[in-house]
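Structure, as structure tokens:
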Amino acid sequence: MKNVTDILVRDVPKNTDLILKSKAKKSGLSRNEYLVNLLNTHVLIDEIEEIKNNYNEVLKHTLVALKENTEVMQQLIKMIEG
């Protein structure tokens with residue numbers, strides 16, 4: 001048995017519903033499937049942002065280390081070449 005629940009959303013503007021139906025159809029999904037995917041994505045956004053921020057921080061540190069290593073290597077080459 002799946003661990004799911006039902007959600008009833010009231011007072012959705014007709015135009016919003018039409019757009020959702022259209023987007024669902026273009027995606028080859030039912031409106032319900034489309035909305036479930038949309039909700040699942042929405043609840044993961046904070047986690048995805050945190051992972052993205054962590055990745056960017058690691059990337060910054062890596063680039064600094066590469067730059068420092070390159071400078072040291074260039075100094076060593078100058079020392080060796082005379």
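Readers should treat all values here as calculations from the given coordinates under stated rules, not as data from a laboratory. Bear in mind the structure is a predicted one, so any value in this text is a computation, not a measurement. Reconstructed Cβ throughout: ideal geometry from the backbone, glycine too, with neighbour counts over all protein chains shown.
Fewest-first ordering of Lys14, Lys67 by other beta carbons within 10 Å of each residue's beta carbon gives Lys14, Lys67. Hey, of (1) 19, 51, 22, 7, 1; (2) 15, 16, 13, 12, 11, 10, 8, 6, 5, 3, 2, 0; (3) 13, 23, 19, 14, 11, 10, 8, 2, which did the structure itself give for P(r) over Cα pairs in 10 Å bins from 0, in percent when calculated? Entry (3). The calculated 222 nm mean residue ellipticity attributable to helices in the chain amounts to -28500 deg cm²/dmol, summing -39500 (n - 2.57) over DSSP H runs of n ≥ 4 and dividing by all residues. On full extension, the segment bounded by Lys14 and Asn40 gains 7.1 nm, given 0.36 nm per residue less the C-alpha separation. Relative to the longest principal axis of the Cα atoms of the chain, the long axis of helix 31-81 makes an angle of roughly 0 degrees. Our estimate of slack between Leu59 and Leu76, defined as 0.36 nm per intervening residue step minus the Cα-Cα distance, is 3.6 nm. Can you tell me the 0 to 90 degree angle between the C-alpha axis of helix 14-26 and the longest principal axis of the chain, rounded to 10? Here the helix axis deviates by roughly 60 degrees.
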